[in-house]
Amino acid sequence: MVRQVLNKGFSMIEVCLVLMIISLLTLIPFKHIKVTTEVKETMDDLISTQYRAFETHQKQKLDLSEYNQAITYNANGNISQAMRIDLFNKQQITIMLATGRIFMHRFESD
């Protein structure tokens, strides 16, 4: 009587390797989501402060202590000094003088 061995499955090492690769791939997007959330929160703070100044016709000040910046909007929703805020994740927020427009872009540091 000859016994046949059926090898129709995966070994435990193969399964562990596949699970490890899948778990490492799932960790990659979370860093990007955190960075995007930080930028969005800062932009939302700037826009809501600008809107509040325009709506109430009073000066509004936003203190961005994590970036060592303070921004003051006048009664028209404009700022008196153009500024650039360097975020910790190689991104910048630029606020234009007189219009108060806000732009975000990436930069490469040396």
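Nothing in this text is a laboratory measurement; each read-out follows from the coordinates by a stated rule. Note that the coordinates shown come from a computational prediction; the quantities given were computed from them, not determined experimentally. Here the Cβ is made from the backbone with ideal geometry for all residues, glycine too, and neighbour counts use every protein chain on show.
Over the chain, what is the mean sequence separation of C-alpha contacts under 8 Å (at least six apart), divided by residue count, expressed as relative contact order in percent?
Working: 118 pairs, mean separation 15.3, N = 110.
That works out to 14 percent.
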Exercise. Label LYS8 and ASP63 with points 7 Å out from Cα along Cα→Cβ: what is the distance between them in nm?
Worked result: 7.1 nm
Seminar exercise, completed: The simple spin-label model distance between THR72 and ARG84, using points 7 Å out along Cα→Cβ, in nm, is 2.4 nm
Exercise. Counting only pairs 8 or more places apart or on different chains, how many lysine pairs in the chain have C-alpha atoms closer than 27 Å?
Worked result: 8
For this session: State to the nearest 20 debye the size of the charge dipole of the range 32-106 about its Cα centre, where the only charges are +1 on K and R beta carbons and -1 on D and E beta carbons.
Result: 200 debye
Exercise. How large is the convex hull of the Cα atoms of the range 46-110 per residue, expressed in Å³ as a whole number?
Worked result: 79 Å³
For this session: Please give the helix 12-56 orientation as an angle from the longest Cα principal axis of the chain, in degrees from 0 to 90, rounded to the nearest 10.
Result: 10 degrees
For this session: Go ahead and estimate [θ] at 222 nm for the chain from helices alone: -39,500 (n - 2.57) per DSSP H run with n ≥ 4, summed, over the residue count, rounded to 500.
Result: -15000 deg cm²/dmol
Exercise. Just going by the charge dipole of the range 32-106, with Lys and Arg at +1 and Asp and Glu at -1 on Cβ, which of MET96, GLN50, GLY77 is farthest out on the positive end?
Worked result: MET96
Exercise. Once the piece of chain linking ARG52 and THR99 is laid out straight, how much longer is it, given 0.36 nm per residue of separation minus the C-alpha distance between them?
Worked result: 15.4 nm
Exercise. So what's Rg/Rh here for the chain, counting alpha carbon atoms and using the Kirkwood radius for Rh?
Worked result: 1.45
